[in-house]
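Below is one structure, written out as structure tokens; comments come after it.
The values are calculated or read from the model by the stated rules, or taken from the named source; none is laboratory data. Since this is a predicted model, take the numbers as computed values, not measurements. Neighbour counts run over all protein chains shown; Cβ positions are idealised from the backbone, glycine included. For accessibility, only protein heavy atoms count, side chains too; no ligands or nucleic acids. Shrake-Rupley method; radii C 1.70, N 1.55, O 1.52, S 1.80 Å.
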Amino acid sequence: MISDQMKLGKERSPHRSLLFATGMKREDMSKPFIGICNSYESFVPGHCHLDKVGEFVKKCVVEAGGVPMEFNTIAVCDGLAMAHPGMKYSLPSRELIADCVETVARAHCFDAMICIPNCDKIVPGMMLGALRVNIPTIFASGGPMAPGKHPVTGKDSDLNTVFEAVGAENAGRITTATLEKIEETSCPGCGSCSGMFTANSMNCLYEALGVALPGNGTILANDPRRLELFRAAAFRAVEIAKAGKPRLRDIVTRDALDNALTLDMAMGGSTNTVLHTLAIAREADIDFSLERMNRISARTPYICKLAPSGHYHISDLDRAGGVMAILKRLPDVLLHRDAMTVSGKRLGALVAEAEVRDSDVIRRALDPYSRDGGLAVLWGNLAEKGAVVKKGGVAPSMMSFTGKAICFNSQEEACEGILGGKVKPGHVVVIRYEGPKGGPGMQEMLAPTSYIIGAGLGSSVALITDGRFSGATHGACVGHISPEAAEGGLIALVEDGDSITIDIPKRSISVALGEDEIARRRAALAPWKPRISGGWLERYARLVGNAATGASLKQ
């Protein structure tokens, strides 16, 4: 076992002495050491229950014949960090988490690892670090939150409902009292936010990727079945630790990434999945491009539409059969069914065991919401290296749209402008200098997109940005524009009144500018100056790649 290099032999007496100080016994030295990577924080709703989860998993590891060694990572809640400078730290936190996982696992010779993430950047962050260590690893997320209930309509509500209610209250469409009732009822308990937002998207993708057991992405945080999942993950971790396989890179292959992206397109996941999948592929030394993602999208029917694009939530998907049930609906040719999973079974075997229990939540492949996937990559003079749109959340009338640019050089400027009534029907809101370098940190744009929807402008206004979006964003919103403004991308040269065309069916995005005018504006453009001086974000801005690389630090 890997841990033998730290615990066996007389020269390791000092090491054993330190381990005995933690409560270990001599008989533990013959057992596999199982690292339990937990992202507990008391104030993050997706993670506030994970201290209890960690204790339960440790007990299960002991019962299975292993030695649990728990450690923690940080966890940034994107909802709490939204719409203020704290959001600049969200995407960079992915890299800090990766470094921490690599550091602790390497330094302490784990034989296997159980990763307990839940929200946003924690899920891919743990994956990046685990891929570097490449030991047997299983992911067991903390589970999603149940939806709330809207105090007026009685329909299911979620965090996005609250953001959109801010825009509605500002526009005079609801009262302040109603807004307060919505904020009190939309997030009813612990877990990752209840729609197909980034956290739930990634936790679902990990089932198709093969690194998590079925149910990882959909069983609610407070469902007793979640304990069964944790128990199964703990026992499986001890089993693969003793066998020494499969290692993580045995599972995370190009075929497995294809499977994960196929699921992503079939369920219309968050645009952030594109960013994180590119980073995961890069860390695993797998050639995986935006062009490949678009080919997967073109062939994959969109059969499961959850909030914010639809009215169903992750709890409905769980009731309908979960991730494997979505995959069961897809034609055999779309999946690599012989891909190995951490369960020890091939993906095809897990899919065969699934049952579709609601054909409205999970449609048949011959009756899709669209014949292609819920995400799309666009190219054009505004995005020579690509841009991403959640097409499943775009109204049919906005799939092709031409409008006049109204430009903002930060998210804060844009929010002020939208709430101040500057944005009118027919506008394309341009938010720039919010990319990985320019932000720095590539802030999420849930606040401005929600304000547009809340103000009733969702069918007449588009938005483009070199930043990114929350999984809760919907509407004609194009993000990850690359090259970003801070790199001198064309988005930096757009002026108010320029004509911008977004054509999602043709996968294109462009601004109507001639080469001479572009050259004139470029010559007059002042050099970009970093916004942050000192600290982690200055280093991040100096090292990070653009969105087309997954905003990866691995160049």
Original post:
In the range 104-198, what trypsin sites (Lys or Arg not before Pro) fall in a loop by DSSP, with at most 11 other Cβ atoms inside 10 Å?
Top reply: 155
Original post:
With all protein chains present and a 1.4 Å probe, how do 470, 459 order by accessible area, largest first?
Top reply: 459, 470
**OP:** Scan around residue 137 for amide H atoms under 5 Å from its own, H built in the peptide plane at 1.01 Å from N, and keep only partners 5 or more places away or cross-chain.
**Re:** 113, 248
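With helices defined as uninterrupted DSSP H runs, which ones in the chain have an alpha carbon span along their own long axis of at least 15 Å and mean Kyte-Doolittle hydropathy of at least 0.5?
The answer, listed by residue number, is 122-133.
Quick one: grab the alpha carbon gyration tensor of the range 175-331, order the square roots of its eigenvalues as a ≥ b ≥ c, and give me rounded if a/c is under 1.5, else prolate or oblate depending on whether a/b is larger than b/c.
Working: a/c = 1.98, a/b = 1.30, b/c = 1.53.
Oblate shape, in that a/c is at least 1.5 and b/c is the bigger or equal ratio.
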Original post:
In nm, to one decimal, how far is the residue 153 label point from the residue 108 one, both placed 7 Å along Cα→Cβ?
Top reply: 4.6
Subject >> Efficiency of FRET from Cβ geometry, residue 404 and residue 185, R₀ 51 Å, rounded to 0.05 >> reply: 0.85
**OP:** Tally up the carbon and sulfur contribution to the accessible surface of the chain as a whole percent, 1.4 Å probe, everything protein left in place.
**Re:** 53
Subject >> Point-to-point label distance, residue 295-residue 56, nm (Cα→Cβ direction, 7 Å offset) >> reply: 4.2
**OP:** Order the following by accessible area, largest value first: 25, 437. Probe radius 1.4 Å; ligands, DNA and RNA are ignored.
**Re:** 25, 437
**OP:** Loop sites only, by DSSP: take the GluC sites (Glu not before Pro) in the chain that have at most 13 other C-beta atoms within 10 Å and name the longest stretch containing none of them.
**Re:** 1-354
**OP:** Please say if the range 38-152 is rounded, prolate or oblate, where rounded means a/c under 1.5 for a ≥ b ≥ c the square roots of the C-alpha gyration tensor eigenvalues, and otherwise the choice is prolate for a/b larger than b/c and oblate otherwise?
**Re:** oblate
Original post:
Counting Lys +1, Arg +1, Asp -1, Glu -1, what net charge surrounds residue 546 among other residues with beta carbon under 14 Å of its beta carbon?
Top reply: +2
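Counting only heavy atoms of protein chains, what accessible area per residue, in Å², does the chain have with a probe of 1.4 Å?
Numbers: 20030 Å² over 555 residues.
Per-residue value: 36 Å².
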**OP:** Just add up the charged neighbours of residue 281: K/R +1, D/E -1, any other residue whose Cβ is under 15 Å from the Cβ of residue 281.
**Re:** +1
**OP:** Quick one: grab the alpha carbon gyration tensor of the range 504-555, order the square roots of its eigenvalues as a ≥ b ≥ c, and give me rounded if a/c is under 1.5, else prolate or oblate depending on whether a/b is larger than b/c.
**Re:** oblate
**OP:** Quick one: which residues, 5 or more positions from residue 312 or on another chain, have an amide H under 5 Å from its amide H? H modelled 1.01 Å from N in the peptide plane, none for Pro or chain starts.
**Re:** 307
Original post:
residue 400 accessible area, nearest 10 Å², 1.4 Å probe?
Top reply: 70
Subject >> Computed helical MRE - 222 nm, the chain, DSSP H runs ≥ 4 contributing -39500 (n - 2.57), nearest 500 >> reply: -11500 deg cm²/dmol
